[in-house]
Amino acid sequence: MALRRCHKLNTTGTREQEVCGLRWDWYVPIPEHKTGIFLIPGERVKNREERVVVLNRVAQSVVESQRGVHDDYVFTYRGNPIKKMNSTSWKRVRRLVGLSGVRIHDLKHTYGRRLRAAGVPLETRKVFAWTSQWRHHVALLNAGVGGTHRGIKPRL
């Protein structure tokens, strides 16, 4: 159950290990917007910079559903933090819906494409997606270079 919720939180543009290792003491409520953010310390982030994860409505509801399950970690299984999302159940569900080529990391790119489709400026998307390679990815997609990624053609 926690793993399914963990996948939904991945719609925030976070990496797999950032989601799996989320700690309650990193959560900062923003009551005036009925949501919150996570401030992930740099040592837990690929680029070693502190990361701000803004929770959308879906992510906020997932986080709230986990409140009280564990004192330290947001996502656990049998009292221990979830180690990975790319599990047997994830692979089985992908096969069932015909998306066996979709990786956990692809959800991060989906997040970036949704921001682009919503008209969010490139500089803002780079901040939200926290990737130094964002401009490179967008340039390749705009140029039509690369075609498919693991069998999935990007839709822009």
Exercise for review: Could you tally up the Lys pairs in segment 2-96 with alpha carbons closer than 19 Å? Skip any pair fewer than 8 positions apart unless they're on separate chains.
Suggested key: 7
Check your understanding: What is the dipole size for segment 2-96, taken about its Cα centre, with +1 at each Lys and Arg Cβ and -1 at each Asp and Glu Cβ, in debye to the nearest 20?
Key -> 760 debye
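Here, each number is a calculation from the coordinates, and none is a lab measurement. Owing to the predicted nature of the structure, the values given are computational and were not obtained by experimental measurement. Glycine also receives a Cβ, built like all others from the backbone with ideal geometry; neighbour counts cover every protein chain displayed.
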